[in-house]
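These notes are about the structure you will find just below.
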Amino acid sequence: QVQLVESGGGLVQSGGSLRLSCAASGLRFSIYHMAWFRQAPGKGREFVAAITWTGTITYDADSAKGRFTISRDNARNTVYLQMNSLKPEDTATYYCAAVTTTPSTWSQYDMTYWGKGTLVTVPS
């Protein structure tokens with residue numbers, strides 16, 4: 001049974017930092033591409049960042065590039081999202097997702113497995 005469990009969310013002031021973690025089990029983590037998505041209240045789920053099994057990284061230019069860093073530790077079956085300079089518009093539930101095939105675009109519909117999410121709140 002595949003499980004992706006996110007942690008590290010919480011309440012942080014504008015300009016602060018958080019590191020999200022996603023621990024994977026029940027799958028051969030090292031061959032999966034891993035991604036972070038987020039969903040703000042009342043909005044659709046959007047792509048944030050991805051890291052392939054070879055380590056190639058893609059960021060959403062608008063939301064993440066320059067502030068967020070995705071990384072993975074295959075020995076720990078864990079993917080991370082370091083988020084710096086957080087803004088109120090980063091408030092969302094953050095989800096980790098996994099897929100083995102390389103998608104042409106990092107659409108939520110291409111992902112195979114999902115975690116249940118962790119809430120990040122940045123008050124205005």
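Need the failing condition index for residue 19 against (1) over 18 Å from residue 112 (Cα atoms); (2) open to solvent by less than 40 Å² (accessible area, probe 1.4 Å), just the number.
Of the numbered conditions (1) over 18 Å from residue 112 (Cα atoms); (2) open to solvent by less than 40 Å² (accessible area, probe 1.4 Å), the odd one out for residue 19 is (2).
Please indicate, with yes or no, whether at least one residue in segment 34-51 is surrounded by 15 or more Cβ atoms within 10 Å (Cβ to Cβ) and either among the hydroxyl-bearing types (Ser, Thr, Tyr) or at pLDDT below 95 (or both).
No: segment 34-51 contains no residue that is surrounded by 15 or more Cβ atoms within 10 Å (Cβ to Cβ) and either among the hydroxyl-bearing types (Ser, Thr, Tyr) or at pLDDT below 95 (or both).
Would you point out which residue out of 25, 124, 104, 85 is open to solvent by 40 Å² or more (accessible area, probe 1.4 Å), over 15 Å from the mean Cα position of the chain (by Cα), under 15 Å from residue 5 (Cβ atoms) and of a type in the set (S, T, N, Q)?
After applying the criteria, what remains is 25.
Among the residues that make up segment 70-79, is at least one of them more than 13 Å from residue 22 (Cβ to Cβ), open to solvent by less than 20 Å² (accessible area, probe 1.4 Å) and modelled with pLDDT of 95 or more?
no
Scan segment 1-15 for residues that are closer than 15 Å to residue 85 by Cα and open to solvent by 40 Å² or more (accessible area, probe 1.4 Å) and report the count.
Qualifying residue count for the region: 4.
Could you check segment 78-92 and list, in sequence order, the residues that are at negative phi and either in contact with a helix residue (DSSP H, G or I) (Cβ under 9 Å, 6 or more places away or on another chain) or in contact (Cβ under 8 Å) with a residue 60 or more places away in the chain (or both)?
Selection gives 78, 79, 80, 81, 82, 83, 84, 86, 87, 88.
Show the residue pairs meeting these rules: Cβ distance below 7 Å; 6+ apart or different chains; first residue within segment 52-77 and more than 15 Å from residue 98 (Cβ to Cβ); second residue of a type in the set (Ser, Thr, Tyr) and open to solvent by 50 Å² or more (accessible area, probe 1.4 Å).
65/59; 67/85; 68/59
I need a count of the residues in segment 88-98 that are more than 11 Å from residue 22 (Cβ to Cβ), under 13 Å from the mean Cα position of the chain (by Cα) and either open to solvent by 40 Å² or more (accessible area, probe 1.4 Å) or of a type outside the set (Asp, Glu) (or both).
Adding up the residues that qualify gives 2.
The values are calculated or read from the model by the stated rules, or taken from the named source; none is laboratory data. None of these values were measured; they are calculated from a predicted model. Using ideal geometry, Cβ is built from the backbone for each residue, glycine included, and neighbour counts are taken over all protein chains shown. Surface areas here come from the heavy atoms of the whole protein model, side chains and all, with no ligands, DNA or RNA. Shrake-Rupley method; radii C 1.70, N 1.55, O 1.52, S 1.80 Å.
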